Amino acid sequence: MKATLIFDGDCGFCTSTANYIEKNSSTLIEIHPWQWVELSDYGLTKDQASAKVQIFAGGKTYSGHKAFAKLLRLQKQWWFKVLGGLMVTPPFSWGARLAYYFVAKYRHKLPGGTPACEMKPGR
């Protein structure tokens, strides 16, 4: 099953992360900035795509920490599959959701981040 990762192409941190995923994934994943795709093909709106990373796989869209969990579950290594499963299972999912929130909120301060990465109100 080929999956598609959709990320914020205006964010240096997101672009660096997407490039890392593309280089190191054990499965084929298409990777595109949301600004370059027809979002309706994935059942997404601009607001959804700009708010969180998205993965489209098996006819379903996953966002935020659930997208990263799906990404891990798509990998060939069993330990990534287990970790991805834990990320969507309470109480671990609570921590994964919180971690995603803080990474997204402060991505402009992370390696590769730029002022353009900063989340704007309403975004």
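Using Cα positions and a limit of under 27 Å, work out the lysines in reach of residue 23, with same-chain residues fewer than 8 apart set aside. Partners within reach: 2, 46, 52, 60, 66, 70, 76, 81, 105, 109. Based on the Stokes-Einstein relation at 37 °C and a viscosity of 0.692 mPa s, and on the Kirkwood radius from alpha carbon pairs, the range 3-117 is assigned a translational diffusion coefficient of 230 µm²/s. Gain on full extension, evaluated as 0.36 nm per residue between residue 36 and residue 77 minus their Cα-Cα distance, stands at 11.7 nm.
Values in this text are rule-based calculations from the coordinates and carry no lab data. Just so it is clear, the model here is predicted, and its values are computed rather than measured.
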